[in-house]
Amino acid sequence: MDIELKNEKLSDDYFYSMQKEVQNSWVTGKDLNFEEAVAYQKSIPTEKRFADKLNRALEAGITLVQPRAGVALYKEHIELLKYLEEEGEADLLPSTIDSYTRHNRYEEAQTGIDESIRLNRSMLNGFPAVNYGVQICREVTSSVKSPVQVRHGTPDARLLTEISLAGGFTSYEGGGISYNIPYAKEHTLEKTISDWQYCDRVIGLYEEAGVTINREPYGPLTGTLVPACISNSVAIIESLLAAAQGCKHITVGYGQCGNLVQDIAAMKMLKEQTESYLRKFGFNDVVITTVFHQWMGGFPADESKAFGVISWGAATAALCGATKVIVKSPHEAMGVPTKEANAAGIKATKQVVNMLRDQKLVNLREVNSECEIIQKEVECIMEKTIELGNGDIAAGTVRAFEAGVLDVPFSPSRYNMGKALPARDNEGAIRFLDCGNLPFTKDIHDYHQQKLEERGKFENRQVSFQMVIDDVYSIGKGFLVGRPNK
């Protein structure tokens, strides 16, 4: 069936007809009751509401700390969250969803639960919220003192949205672009954007009933040398899509690239340009907060060196004034961390963030110069996307990916052109080795070429794809820039 995308609030007839299908797709969705879920959400105290805690942090100018975490058995999941809250001193808590649930493979998720019970250890890489249903989700969210967010990676997250919000989660992550293009190969953007319009409409209905749910587009995308103009543009678009369905509290994010000046500038422009485009489209009552993701690429296997990477991310998050920071663990190179390693990453981050809480570097001359570049690049991408959609950002986004106007580096998706290619300049900032079909002006093209030629001259080698390869592995080897013979 062809999907005609428009960035308009879903009609009640369309939404409620789809809702029946969604809720009947798995046994735990069949007894959902929206009015009862709203009443339960309203019973959650303010200090456990995600949006309220972010608002207080924004007002105070502090950076909150949040890990990733999730296991198969719900009692062990509760113990894990309590440990991260009490021993790790996390300000905000996650429930990371397992991979089967992310692909709507609930029967296999149930097998994972059964095997986890039999073997007495987690056989899933996250928390299977859909299989557990509303009541067990409420046991999880009510067992801790801090707000809890659903983090996942689901192209079709409609049932997960319904169950997790009824289950007392007060923040929901993802989007029709950011949970498709970096994660999937065969999902069309028309389908995932449409499915996520449903998710956002559910949140909009809670908002209209007097319950604010925090919404967070996934900022890092593929997490591998993603230029700020790409990730920021996607965050802006997903904010516009969410706002159209009634979401009022949105946290936009960015994944650390490693150059301090560029990362601070990227975060500064992310908030400013998101708010600007929301106003441009008439969404004047949306609160925007920010999240900084610590380095998402390869990590050193040595724990001490890994703590160095974590601390650099913590310092950058504090110095750019992020509302919250998502934490990595010193076991990042080895797979799923122990609860002790996860807590250690949180505490290391918290120490650095607290030490820097009174310092910000957002107005440095070098930062402002980098802001100008990012602002121009994002405007080129956004204005062309709007033009391709004849003013509609949903339709324009699909056409922008088809044309390579939006192009996420290292994406597995066949609906992503994959021509844009990043590399670091001589100071470690992310530039474009190949701009692909990105709609940049000549001066922007020339700027990127000049910055990479400066590196080539310094390293006494030609600007080439080898720089990209070297940069992908450099932090794991102890450096930011992938120099030859290092």
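Quick note: the coordinates plus some simple rules give every number you see, no bench work behind them. This is a predicted model, so every value here is computed, not measured. Cβ atoms come from the backbone with ideal geometry, glycine included; neighbour counts cover every protein chain shown.
Between rounded, prolate and oblate, where does region 1-144 land on the alpha carbon gyration tensor, with a ≥ b ≥ c its root eigenvalues, rounded for a/c under 1.5, else prolate if a/b exceeds b/c? Taking the square roots of the gyration eigenvalues as a ≥ b ≥ c, region 1-144 is oblate. Other residues lying with their Cβ under 10 Å from the Cβ of SER178 contribute a combined charge of -3, Lys and Arg counting +1, Asp and Glu -1. The dipole here belongs to region 12-355: it is taken about the Cα centre, uses +1 on the Cβ of Lys and Arg and -1 on the Cβ of Asp and Glu, and is about 560 debye. Considering all C-alpha pairs of region 419-486, those separated by over 19 Å amount to 27%.
The alpha carbon radius of gyration of the chain, expressed as a multiple of 2.2 N^0.38 Å, is 0.93.
How large is the helix-only mean residue ellipticity at 222 nm for the chain, computed as the sum of -39500 (n - 2.57) over DSSP H runs with n ≥ 4, divided by its residue count, in deg cm²/dmol to the nearest 500?
Computed mean residue ellipticity for the chain: -16000 deg cm²/dmol.
Report the net charge of residues surrounding CYS247, where surrounding means a beta-carbon distance below 13 angstrom and charges are Lys +1, Arg +1, Asp -1, Glu -1. In short, -3. In summary, the aspartates and glutamates within cross-link reach of LYS442, defined as a Cα separation below 12 angstrom excluding same-chain residues under 8 places away, comprise GLU377.
How far, in nm, would the chain grow between THR46 and GLU76 when pulled straight, counting 0.36 nm per residue and subtracting the alpha carbon separation? Before the final figure, lay out the partial values.
Working: separation 30, 0.36 × 30 = 10.80 nm, distance 2.60 nm.
Result: 8.2 nm gained on full extension.
Summing Lys, Arg as +1 and Asp, Glu as -1, what charge do residues with Cβ under 12 Å from the Cβ of LEU80 carry, LEU80 excluded?
-2
The DSSP beta bridges internal to the chain are antiparallel in roughly 15% of cases.
Between ALA333 and GLU21, the simple spin-label model (points 7 angstrom out along Cα→Cβ) gives 4.8 nm. Rounded to the nearest 10 degrees, the angle from helix 465-474 to the longest Cα principal axis of the chain is 60 degrees. A dipole drawn for region 175-225 from +1 and -1 charges on Cβ atoms has a positive end, and of GLY223, ILE177, TYR198 the residue lying farthest that way is GLY223. Our coupling estimate for region 446-454, obtained by passing each phi through the Karplus curve with A = 6.51, B = -1.76, C = 1.60 and θ = phi - 60°, is 5, 4, 5, 4, 4, 5, 6, 5, 4 Hz, Gly and Pro reported as x.
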